[in-house]
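Reviewing the structure listed below.
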Amino acid sequence: MSMLGSAFVRPAIPVAPNLSIFDPVFIGVDEFGKPVYVTMMYRNKLIGGEPGAGKSSLLSNYLAHAALSADCRLCLIDGKQVELGLWEQVADVFVGPDQKHAIRTLLRVQQVMDNRYAYLRQHRRRKITRDDAFSAILIVIDEIAYFSATVGSKTEQDMFSALLRDLVARGRAVGIIVLAATQRPSSDIIPTSLRDLFAWRFCGRTSNDSSSDIVLGHGWASKGYTANSLDPTNQGSGLLIAEGGTPKLVKAAYLTDDDVIHLADYAAYIRRPQHALAA
């Protein structure tokens, strides 16, 4: 803190871009080069595709917007730790390769969800809005299969899957958003009953038409919409579909690791300005 005459002057603090989780998110461009914006609030999202398809690029775009939105809290679950780990300092909770921690975290969010619904019921309302004091909660899960089919006991895997399905099914109206990604878009990882709850689905390249349909929905491959036809060297490209819509070819904007680190550092700074004042 510096001093001019007898008055103390606080150091300047950068102002955030003033983003909101209610604002549309820029995720890339379509096949005609036009920008593509997607709404996050009230919309769960599923990202699928084989390794190297570019799922991380799309995840980074969603996460960057959410991290820079003061009205959103982050809950990150990543069995590999490194995909979402760059955003750890911005998250309220970060879960690594720990099945029990993942289940406890989803149980806590489920309790928050039930409490918010009790509040809405008491006030005779259907959903929270931008003017509410509640922050949205974005749950990001990288590689569903790790927690639903790989680690832990069968009971724990089933419990994780049941909790995830409940949050996807009931969380939207109270500001709980699920963003989930998987490298293995198979029916044992993404049951139809769960897939169809995701309002937006993005499918990067897959090894066959069946895997593409598991993400996008049954029958799209037979109509000519298949991620199996995507160029494997064109990372970040994929088919994006909204509920009731038709798959559209999209190229996700690319953020380098350095870009992500800078964004995460800045997001942490604007979320906790008291740290700067204490320096």
Checklist entry - Does residue 33 fit the bill of being closer than 14 Å to residue 235 by Cα and either surrounded by fewer than 22 Cβ atoms within 10 Å (Cβ to Cβ) or not β-branched (Val, Ile, Thr) (or both)? => result no
Next on the checklist: Looking at the structure I just gave you, is residue 138 in contact with a helix residue (DSSP H, G or I) (Cβ under 7 Å, 6 or more places away or on another chain) and in a helix (DSSP H, G or I)?
Outcome noted: no
Next on the checklist: Suppose the filter is assigned to a loop (DSSP other than H, G, I, E, B), free of Cβ contacts under 8 Å to residues at least 40 places away in the same chain and either polar (S, T, N, Q) or under 24 Å from residue 41 (Cβ atoms) (or both); does residue 246 pass it?
Outcome noted: yes
Checklist entry - If we scan region 81-99, do we find a residue that is at positive phi and not basic (Lys, Arg)? => result yes
Checklist entry - Could you count how many residues in region 157-208 are of a type in the set (Gly, Ala, Ser) and surrounded by fewer than 21 Cβ atoms within 10 Å (Cβ to Cβ)? => result 9
Next on the checklist: Checking the structure you have, find out if any residue of region 157-175 is outside any helix (DSSP H, G or I) and closer than 19 Å to residue 80 by Cβ.
Outcome noted: no
Checklist entry - Which ones in region 58-88 are farther than 17 Å from residue 148 by Cβ, among the small types (Gly, Ala, Ser) and crowded, with 21+ Cβ neighbours inside 10 Å? => result 60, 64, 66, 67, 69
Next on the checklist: Given (1) without any contact (Cβ under 8 Å) to a residue 60 or more places away in the chain; (2) within 19 Å of residue 65 (Cβ to Cβ); (3) in a loop (DSSP other than H, G, I, E, B), identify the lone condition not met by residue 189.
Outcome noted: (2)
Item to check | Output for region 59-115, where each listed residue is farther than 24 Å from residue 152 by Cβ, touching a helix residue (DSSP H, G or I) at 6+ places or on another chain (Cβ under 7 Å) and not in a loop (DSSP other than H, G, I, E, B) | outcome: 60, 64, 67, 72, 89, 90
Item to check | residue 213, sole failed condition from (1) assigned to a helix (DSSP H, G or I); (2) within 24 Å of residue 72 (Cα to Cα) | outcome: (2)
Checklist outcome for this item: Going through (1) surrounded by fewer than 16 Cβ atoms within 10 Å (Cβ to Cβ); (2) more than 20 Å from the chain's Cα centre (by Cα) one by one, residue 132 fails only at (1)
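Every residue, every condition in (1) of a type in the set (A, V, I, L, M); (2) farther than 30 Å from residue 118 by Cβ; (3) outside any loop (DSSP other than H, G, I, E, B); (4) out of contact with any Lys or Arg (no Cβ under 9 Å at 6 or more places or on another chain), yes or no:
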site	(1), (2), (3), (4)
194	yes, no, yes, no
198	no, no, no, no
202	no, yes, yes, no
207	no, yes, no, yes
228	no, yes, yes, no
233	no, yes, no, yes
259	no, yes, yes, yes
270	yes, yes, yes, yes
Item to check | From 91, 102, residue being surrounded by 15 or more Cβ atoms within 10 Å (Cβ to Cβ), within 23 Å of residue 58 (Cβ to Cβ) and in contact with a Phe, Trp or Tyr (Cβ under 8 Å, 6 or more places away or on another chain) | outcome: 102
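Values quoted throughout were computed directly from the atomic coordinates according to the rules given, and no laboratory measurement underlies them. Remember, predicted model here, so these are calculated numbers, not experimental data. Methodologically, a virtual Cβ is constructed for each residue, glycine included, from the backbone with ideal geometry; neighbour enumeration extends over all protein chains shown.
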